[in-house]
């Protein structure tokens, strides 16, 4: 995998503030999710056509605008969980536990399950390499971690094709994930950096928080697909380019110019606010 | 015998010659370069074979043209496809790391030389009990749909010799919808998928291990190669993908369960196949819509109907480019109107 300048810079900053000589901290336990920001996006979900703040490439935008939620009527698609780069976004109450090598008392792996569909992920801490290009991809990918001071840096590859938002923007199977796990008292912060050379021109960076919650428990989450709408074999839900009638609704309702609604790397940065104000003032649709 | 028009034979020979060129070094021992064949590229990339365990007694060897599936057991070894001819010895070395037992069967998913090229080298090293005759050297049985035998055994266009030497031709063929085998206590089904990648495609379903080898009906790294001159068609391709999806059952959360060995690329499962099926169907639908609006091929190419998938499956050079894929789909759909 490759690191962008952003990722390398973040690693350098973390190394400088790494701090504690005792390094590893205990990340295990039951963690209740704290949703301070992006609540609508993480909860009920974004509107069709809202790609604001996503650094989509031209390919990524076409993919997003072609997406149809009728996809979920196809039985083979119904039991797809969130991939690892989206899963912590929510719903993401979390259980974390460790594997310990008894003679050395070294933690050789961390295990993680998420509330949504009880996906199970392993973060290997024993220095093993990532598998070959021919190995299968999974929803949780293949993760290895190493400590930088008291921060855990996790690299994940071999992730199945997934999504960066639940209204169409895809993340290809060439994507990768870097996470920084940081514990402050009983609060856990994970900053994640999703990179995708196909659908993103820059990384998607998110930070999420959890609070240690010993009373929290996962419930079982078995999924079995059902046919609720009789579709012909091979039905694939999609909109032809330029023919999605739903994507204009968001920008019309909120008065957002189309350029802003379509996201793009420029829209990630604070200075874009001035450009957006100017576009709105100029009556740009 | 199947009669093939001169135009189709010429087109088929172009495809075949390109595949041979991609195989890097000329097929010297088994198939000397002849007038009319394309010259091999100057420098071949170093061969790196990678073996991955699929499930149980099923393995995949990647890196030699098409992926090779290997089933091992007390009875012997069965392989699905045999890679390029020039890499056959290296493939044998890799197989022998998995099992020293005799190779009883080669099963070919289709006729292309990156999947059949090793037949002539590997088959004589094996032994199928049904082939044992006094005074005849033992050899493995080579199974394939009968159209594979037709394609590899007949000369095409300007190539005067058959595609692969006679000792690599399928010795056992079927012409019905499927063929059953049992080997190493494993029921194995060869299922014909008509007019998809070619007119002789088989998927190989290891029913106990729950593994499907798809040949080039499914690749994780490239668009479907529609060998139209050999009966390939985009609609047949999509039908085949849908039939394979019907065979596959995931374990949980649309992951695992039936494992799928692709023709090129990684080991996969139903979801990966679903992503591929969806992509190809969407591109076909877009091209069909553009044709319905009266666009020429040039206009369709300019509209870039595959833009959002080119970064995953597309290519701008090599033996099968995005441009060629779009043109093939366009041609198939125009002919179907």
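Have a look at A:206, A:226 and point out the one that is touching a strand residue (DSSP E or B) at 6+ places or on another chain (Cβ under 6 Å) and either over 30 Å from residue A:268 (Cα atoms) or surrounded by 14 or more Cβ atoms within 10 Å (Cβ to Cβ) (or both). Walk me through it before giving the result.
Details: A:226 fails: touching a strand residue (DSSP E or B) at 6+ places or on another chain (Cβ under 6 Å).
Criteria check complete, one pass: A:206.
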Would you be able to say whether some residue in segment A:26-34 is farther than 30 Å from residue A:213 by Cβ, in contact (Cβ under 8 Å) with a residue 40 or more places away in the chain, surrounded by fewer than 21 Cβ atoms within 10 Å (Cβ to Cβ) and more than 17 Å from the chain's Cα centre (by Cα)? no
Cβ-Cβ under 7 Å, sequence separation 6+ or interchain: first residue in segment A:199-211 and away from chain B (no Cβ under 14 Å), partner assigned to a loop (DSSP other than H, G, I, E, B). Which pairs? A:202/A:55; A:203/A:4; A:204/A:54; A:204/A:55; A:204/A:164; A:209/A:36; A:211/A:186
Scanning segment A:115-138 residue by residue, the ones that are within 11 Å of chain B (Cβ to nearest Cβ) and over 30 Å from residue B:65 (Cβ atoms) total 5
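Only one of these is more than 27 Å from residue A:82 (Cα to Cα) and modelled with pLDDT under 95: B:236, B:318. Name it. Let's see the steps before the verdict.
On the way: B:236 fails: modelled with pLDDT under 95.
Result: B:318 is the single residue among B:236, B:318 that is more than 27 Å from residue A:82 (Cα to Cα) and modelled with pLDDT under 95.
For every residue, the table says whether it meets (1) in contact with a helix residue (DSSP H, G or I) (Cβ under 8 Å, 6 or more places away or on another chain); (2) within 19 Å of residue B:115 (Cβ to Cβ); (3) facing chain A (nearest Cβ under 10 Å).
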| site | (1), (2), (3) |
| --- | --- |
| B:223 | yes, yes, no |
| B:253 | yes, no, yes |
| B:270 | yes, no, yes |
| B:280 | yes, no, yes |
| B:308 | yes, no, yes |
| B:318 | yes, yes, no |
| B:324 | no, no, no |
| B:328 | yes, no, no |
| B:334 | yes, no, no |
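Scan segment B:200-211 and give yes if some residue there is within 13 Å of the chain's Cα centre (by Cα), part of a loop (DSSP other than H, G, I, E, B) and modelled with pLDDT of 95 or more, otherwise no.
Step one: of segment B:200-211, the residues within 13 Å of the chain's Cα centre (by Cα) are B:200-204.
Among the residues that remain, those that are also part of a loop (DSSP other than H, G, I, E, B) are: B:200.
Applying the additional criterion that residues be modelled with pLDDT of 95 or more yields B:200.
The answer is yes, given that some residue of segment B:200-211 is within 13 Å of the chain's Cα centre (by Cα), part of a loop (DSSP other than H, G, I, E, B) and modelled with pLDDT of 95 or more.
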Identify the single condition in (1) touching a helix residue (DSSP H, G or I) at 6+ places or on another chain (Cβ under 8 Å); (2) closer than 30 Å to residue A:239 by Cβ that residue A:159 does not satisfy, given that it satisfies every other one. (1)
Restricting the first residue to segment B:309-337 and requiring it to be free of Cβ contacts under 8 Å to residues at least 12 places away in the same chain, which pairs with a second residue that is surrounded by fewer than 17 Cβ atoms within 10 Å (Cβ to Cβ) meet a Cβ separation below 7 Å and a spacing of at least six or different chains? B:311/A:197; B:321/B:315
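Taking the stated definitions as given, is residue B:243 more than 7 Å from chain A (Cβ to nearest Cβ) and more than 22 Å from residue B:69 (Cα to Cα)? Break it down into steps so the answer makes sense when it comes.
Details: more than 7 Å from chain A (Cβ to nearest Cβ): yes; more than 22 Å from residue B:69 (Cα to Cα): no.
In short, no.
Listed residues A:40, A:91, A:83, A:75; which is within 14 Å of another protein chain (Cβ to nearest Cβ) and surrounded by fewer than 18 Cβ atoms within 10 Å (Cβ to Cβ)? Talk me through it step by step, then tell me what you get.
Working: A:40 fails: within 14 Å of another protein chain (Cβ to nearest Cβ); A:91 fails: within 14 Å of another protein chain (Cβ to nearest Cβ); A:83 fails: surrounded by fewer than 18 Cβ atoms within 10 Å (Cβ to Cβ).
After applying the criteria, what remains is A:75.
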If you go through segment A:224-231 one residue at a time, do you hit one that is within 14 Å of another protein chain (Cβ to nearest Cβ) and without any contact (Cβ under 8 Å) to a residue 60 or more places away in the chain? no
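Looking at B:263, B:318, B:236, which is the one that is under 17 Å from residue B:217 (Cα atoms) and outside any helix (DSSP H, G or I)? Spell out the reasoning first.
Values: B:318 fails: under 17 Å from residue B:217 (Cα atoms); B:236 fails: outside any helix (DSSP H, G or I).
When all the criteria are applied, what remains is B:263.
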Checking residue B:130 against (1) surrounded by 24 or more Cβ atoms within 10 Å (Cβ to Cβ); (2) more than 25 Å from residue B:214 (Cα to Cα), the condition it does not meet: (1)
Looking at the structure I just gave you, is residue A:189 crowded, with 18+ Cβ neighbours inside 10 Å and without any contact (Cβ under 8 Å) to a residue 24 or more places away in the chain? no
From the options A:143, A:98, residue that is surrounded by 23 or more Cβ atoms within 10 Å (Cβ to Cβ) and away from chain B (no Cβ under 14 Å): A:143
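Can you tell which of A:234, A:219, A:264 is surrounded by fewer than 18 Cβ atoms within 10 Å (Cβ to Cβ) and on the phi > 0 side of the Ramachandran plot? Reasoning before the result, please.
Values: A:219 fails: on the phi > 0 side of the Ramachandran plot; A:264 fails: surrounded by fewer than 18 Cβ atoms within 10 Å (Cβ to Cβ).
When all the criteria are applied, what remains is A:234.
Name the helices (runs of 4 or more DSSP H) wholly within segment A:37-130 that hold at least 1 residues that are in contact (Cβ under 8 Å) with a residue 60 or more places away in the chain and closer than 17 Å to residue A:238 by Cα? Walk me through it before giving the result.
On the way: elements: A:39-42, A:58-66, A:75-78.
Hits in segment A:37-130: A:58-66, A:75-78.
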Going by the conditions given, is residue B:197 in contact with a strand residue (DSSP E or B) (Cβ under 7 Å, 6 or more places away or on another chain) and either part of a strand (DSSP E or B) or within 11 Å of chain A (Cβ to nearest Cβ) (or both)? no
Verdict on residue A:191 being away from chain B (no Cβ under 14 Å) and within 25 Å of residue A:42 (Cα to Cα): yes
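Select from segment B:291-306 the residues that are within 9 Å of another protein chain (Cβ to nearest Cβ) and part of a helix (DSSP H, G or I) and list them in ascending order. It would help to see each step written out before you state the result.
The initial filter retains those residues of segment B:291-306 that are within 9 Å of another protein chain (Cβ to nearest Cβ), namely B:303-305.
Selection gives B:303 alone.
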A careful count of residues in segment B:44-64 that are without any contact (Cβ under 8 Å) to a residue 60 or more places away in the chain and more than 13 Å from chain A (Cβ to nearest Cβ) gives 4
Does residue A:175 satisfy the condition of being out of contact with any helix residue (DSSP H, G or I) (no Cβ under 9 Å at 6 or more places or on another chain), more than 20 Å from residue A:31 (Cβ to Cβ), within 12 Å of chain B (Cβ to nearest Cβ) and at pLDDT 95 or above? yes
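The values are calculated or read from the model by the stated rules, or taken from the named source; none is laboratory data. Only a predicted model underlies this, so the values are computations on that prediction, with no experimental measurement involved. Note: ideal-geometry Cβ built from the backbone for every residue, glycine included; neighbour counts use all protein chains shown.
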